[in-house]
Amino acid sequence: MHGQGGDYKDLVVFLAAAGVIVPLVNRLKVSPVLGFLAAGVLLGPDGLGRFAQSLPWLSWLTISDPGQLAQLSELGVAFLLFMIGLELSWERLRAMRRLVFGLGLMQVVVCTAVLACGFLLMGQTLASAVVLGMGLALSSTAVVMPVLAERGRLKGTVGRSTFAILLAQDLSVAPILITVTVLAALAQQGGALDTAVLGRALFTLVPAALGLGLMVLLGRVVLRPMFRSVAKARKVDQGGELFVAASLLVVVGAGLAAQASGLSMSIGALLAGVLLAETEFRREVEVSIEPFKGLLLGVFFVGVGLGLDLDAIAADPVGVFGLALALTVVKTGVIFSLARFWGLGARPALETALVLAPAGEFAFVVFATGLVEGLAPPQLTNTVALSATVSIFSIPLLALLGQRLARKTAPDGERLPDLPPPEAMDGAVIIVGFGRVGRLIGEMLKEHDQAFIALDTDPGIVSAGRRDGFDVFYGDAGRREMLQHCGVQSTRALIVTMDAPTKVDEVVTAARSMREDLILIARARDDQHAMRLYGLGVTDAVPETTEASLQLAENTLVDLGVPMGLVLASIHERRDQFRKAFQAATPIERRNRPSRALRRTVRPAKTAPSQD
């Protein structure tokens with residue numbers, strides 16, 4: 001029994017730590033990433049574990065076998081890349097291609113060259129210096145992206161330029177590993193290039209290319225019908241378990257397919273996310289897997305903390321911290337220079353350079369391959385890997401420093417020219433329910449050049465709307481998470497058009513709890529429902545029965561020959577009387593919503609403001 005319990009002990013310790021860490025760091029306003037890293041050090045063999053022999057009960061409070069969490073941490077990184085892919089599309093990737101294959105690849109090549117020269121000056125061979133340089137040239141996608149997300153920097157110039165460089169680094173991993181193999185072959189041949197060995201190394205790219213092509217083909221053919229089927233089943237059975245299961249299947253399946261092709265699980269997950277970003281189910285998938293991503297990334301960060309060898313640091317603190325500092329300074333200088341050369345403003349370039357300066361998780365893969373191939377000297381490689389781990393710990397602090405230095409937003413003229421603009425949904429109107437009423441509102445908004453996105457839980461309505469060129473997504477707007485992913489924090493107005501009063505109330509309550517200043521317009525079943533909606537905080541409630549009566553009265557008066565101007569004036573006056581009557585029973589604090597006069601004075605810009 002004890003043995004079976006021990007099999008899950010480390011996982012239980014992690015879950016217990018997560019339950020304590022997340023609320024604690026939120027209360028202290030500390031980055032959760034930094035909290036998980038610190039927890040890894042504290043709960044690891046070099047933390048409380050070193051006292052387990054004298055205090056046996058401590059063994060139940062420490063993680064004794066980091067390998068048990070390794071696969072879960074790899075899944076966490078895959079989930080992160082999948083979520084990033086969901087925010088992209090083929091069009092946005094095409095728009096970023098010069099950044100990814102220009103600035104991104106330049107960063108990898110130049111950082112590798114500069115760092116390799118440093119190791120050559122330390123007396124290393126050319127092959128060893130190149131291997132160490134390639135490993136340290138990479139940055140940590142798994143740490144940088146969540147840290148930028150916490151600080152609200154993802155959608156600005158800094159976030160998008162950082163992601164372009166990180167994507168180029170992720171795509172460089174396979175060629176880097178092939179380069180290590182070729183260097184090993186060259187070393188064995190005494191420096192002579194064996195074409196057979198080179199051909200075998202390059203031939204390993206063929207399965208990767210075929211695998212990626214097959215994944216794209218299957219994704220375009222299979223993903224949309226599969227999720228449409230799941231959505232229909234969910235409509236009959238209101239539980240969301242099937243959607244969660246389908247989302248997990250796509251992430252894990254794409255990751256395993258990529259691994260089978262010789263690529264990393266993260267690349268497969270990223271590709272799956274990009275494919276799903278083209279579908280109407282993108283938002284629902286984001287909400288479904290968000291909890292898994294956060295928890296599994298926590299496992300990854302704890303694993304990084306567990307890998308920090310405190311004894312080795314204590315044995316050579318100057319060497320370890322000195323190398324980490326040198327790495328950070330050198331990469332900051334190189335990336336800052338390249339970003340400026342590429343057209344980025346000084347402040348965004350500095351913030352980008354600071355968050356990308358530390359090493360990344362793929363460095364350990366490159367170092368391990370170099371050790372296996374006999375290129376990397378073990379003692380120096382271990383010291384370099386330890387310095388890389390220390391540098392990863394500094395990412396949240398460097399991100400804070402970068403944002404402080406870039407507090408004054410760079411003007412639009414300094415924005416990187418190759419960056420795609422923020423998505424159209426930023427600042428758009430959100431329509432909840434895209435049936436006959438919602439569709440008509442959408443058509444009127446489009447006619448007057450007002451951008452909008454729409455949500456509906458009927459997959460047939462969503463598909464029809466997308467076929468007609470509307471930006472419609474499948475999803476339940478009654479959940480705060482869904483509204484968050486649809487940009488409710490930056491939207492100008494939210495319009496609820498559903499004919500189910502309880503569902504309308506649910507959406508209104510969720511939206512109003514997230515933003516007090518949001519223009520919130522809702523369809524009401526009748527006068528009583530309108531009164532209830534004003535009590536929930538809507539800006540305007542439109543009761544069907546009252547509006548139908550007013551429309552009938554208007555048509556009757558016009559047909560009887562009453563001048564149109566007098567009719568419209570009386571109709572508007574009566575509508576105001578109804579509104580005042582509905583609001584009369586509303587608490588005073590709920591009446592202070594954006595008025596019609598205020599809404600007339602606020603005219604949205606054609607494009608969303610830069611968030612740099």
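The values are calculated or read from the model by the stated rules, or taken from the named source; none is laboratory data. Worth saying up front: this structure is predicted, and the values here are computed from it rather than measured. So basically every Cβ, Gly included, is an ideal-geometry build from the backbone, and we count neighbours across all protein chains shown.
Across segment 383-413, what is the number of residues that are part of a helix (DSSP H, G or I) and modelled with pLDDT under 85?
So the answer is 6.
Regarding segment 496-509, can at least one residue be identified that is touching a Leu at 6+ places or on another chain (Cβ under 8 Å), modelled with pLDDT under 90 and not assigned by TED's automatic domain parsing to the domain that holds Gly152?
no
Can you find even one residue in segment 164-174 that is more than 17 Å from Ile395 (Cα to Cα) and of a type in the set (Asp, Glu)?
There is at least one residue in segment 164-174 that is more than 17 Å from Ile395 (Cα to Cα) and of a type in the set (Asp, Glu).
Count, please, the residues in segment 210-243 that happen to be part of a helix (DSSP H, G or I), of a type in the set (Gly, Ala, Ser), modelled with pLDDT under 80 and surrounded by fewer than 18 Cβ atoms within 10 Å (Cβ to Cβ). Walk me through it before giving the result.
Going through segment 210-243, the residues part of a helix (DSSP H, G or I) turn out to be 210-236, 241-243.
With of a type in the set (Gly, Ala, Ser) added as a condition, the list becomes 211, 213, 219, 229, 231, 233.
Checking the rest, the ones that are also modelled with pLDDT under 80 come to 211, 233.
Cutting the leftovers down to surrounded by fewer than 18 Cβ atoms within 10 Å (Cβ to Cβ) gives us 233.
Qualifying residue count for the region: 1.
Return yes or no: is Gln528 polar (S, T, N, Q) and in a helix (DSSP H, G or I)? Write out each step before concluding.
Details: polar (S, T, N, Q): yes; in a helix (DSSP H, G or I): yes.
Taking the combined requirement at face value, the residue satisfies it.
Might you check whether a residue that is of a type in the set (S, T, N, Q), assigned to a loop (DSSP other than H, G, I, E, B) and surrounded by 15 or more Cβ atoms within 10 Å (Cβ to Cβ) occurs anywhere in segment 531-550?
So in segment 531-550, the residues of a type in the set (S, T, N, Q) come out as 539, 545-546, 549.
Next, from what is left, pick out any that are assigned to a loop (DSSP other than H, G, I, E, B): 539.
Filter again for surrounded by 15 or more Cβ atoms within 10 Å (Cβ to Cβ), leaving 539.
Yes: segment 531-550 contains one or more residues that are of a type in the set (S, T, N, Q), assigned to a loop (DSSP other than H, G, I, E, B) and surrounded by 15 or more Cβ atoms within 10 Å (Cβ to Cβ).
How about segment 568-579: which of its residues are within 15 Å of Ala548 (Cα to Cα) and among the hydrophobic types (A, V, I, L, M, F, W, C)?
Scanning segment 568-579 gives Leu568, Ile571, Phe578.
Rundown of residues vs (1) surrounded by 24 or more Cβ atoms within 10 Å (Cβ to Cβ); (2) over 26 Å from the mean Cα position of the chain (by Cα), yes/no style:
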{"position": "Val114", "(1), (2)": "no, yes"}
{"position": "Met122", "(1), (2)": "no, yes"}
{"position": "Ser128", "(1), (2)": "no, yes"}
{"position": "Gly133", "(1), (2)": "no, yes"}
{"position": "Ser140", "(1), (2)": "yes, no"}
{"position": "Arg151", "(1), (2)": "no, no"}
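Ala246 fails exactly one of the following numbered conditions: (1) within 20 Å of Ser463 (Cα to Cα); (2) part of a helix (DSSP H, G or I); (3) modelled with pLDDT under 70. What is the number of that condition?
Of the numbered conditions (1) within 20 Å of Ser463 (Cα to Cα); (2) part of a helix (DSSP H, G or I); (3) modelled with pLDDT under 70, the odd one out for Ala246 is (3).
In contact with a helix residue (DSSP H, G or I) (Cβ under 9 Å, 6 or more places away or on another chain) and surrounded by fewer than 20 Cβ atoms within 10 Å (Cβ to Cβ): which single residue out of Val365, Val384, Val329 fits that description?
Within the list Val365, Val384, Val329, the selection yields Val365.
Quick check on Ala339: is it under 24 Å from the mean Cα position of the chain (by Cα), at pLDDT 85 or above, not in a helix (DSSP H, G or I) and not β-branched (Val, Ile, Thr)? So that I can check it myself, show each step before the final result.
Details: under 24 Å from the mean Cα position of the chain (by Cα): yes; at pLDDT 85 or above: yes; not in a helix (DSSP H, G or I): no; not β-branched (Val, Ile, Thr): yes.
Judged against the criteria, Ala339 is not a match.
Name the residue that is surrounded by the most Cβ atoms within 10 Å (Cβ to Cβ), counting only residues in segment 158-174 that are of a type outside the set (A, V, I, L, M, F, W, C) and modelled with pLDDT of 80 or more. Can you show your working first?
First, pick out the residues of segment 158-174 that are of a type outside the set (A, V, I, L, M, F, W, C): 159-162, 169-170, 172.
Subsequent filtering for residues that are modelled with pLDDT of 80 or more retains 159-162, 169, 172.
Working: Gly159: 26, Arg160: 26, Ser161: 29, Thr162: 27, Gln169: 24, Ser172: 21.
Ranking the candidates gives Ser161 first.
Going through segment 295-352 one residue at a time, which ones are basic (Lys, Arg) and within 30 Å of Asp46 (Cα to Cα)? Steps first, answer last, please.
Initial filter on segment 295-352 (basic (Lys, Arg)): 331, 340, 347.
Listed by number, the list holds a single entry, Lys331.
Residues of segment 301-311 being part of a helix (DSSP H, G or I) and within 13 Å of Phe393 (Cα to Cα), which ones?
Filtering segment 301-311 down to residues part of a helix (DSSP H, G or I) leaves 301-306, 310-311.
Passing the criteria: Phe301, Val302, Gly303, Val304, Gly305, Leu306.
Condition check: modelled with pLDDT under 85, assigned by TED's automatic domain parsing to the domain that holds Asp471 and in a helix (DSSP H, G or I). Does Gln577 satisfy that? Walk me through it before giving the result.
Numbers: modelled with pLDDT under 85: yes; assigned by TED's automatic domain parsing to the domain that holds Asp471: yes; in a helix (DSSP H, G or I): yes.
When the stated conditions are applied, Gln577 passes them.
Can you pull out the residues in segment 372-382 that are under 19 Å from Asp309 (Cα atoms) and either in a helix (DSSP H, G or I) or outside the structural domain of Val158 (by TED's automatic domain parsing) (or both)?
Pass one, segment 372-382, residues under 19 Å from Asp309 (Cα atoms): 377-382.
Correct list: Pro378, Gln379, Leu380, Thr381, Asn382.
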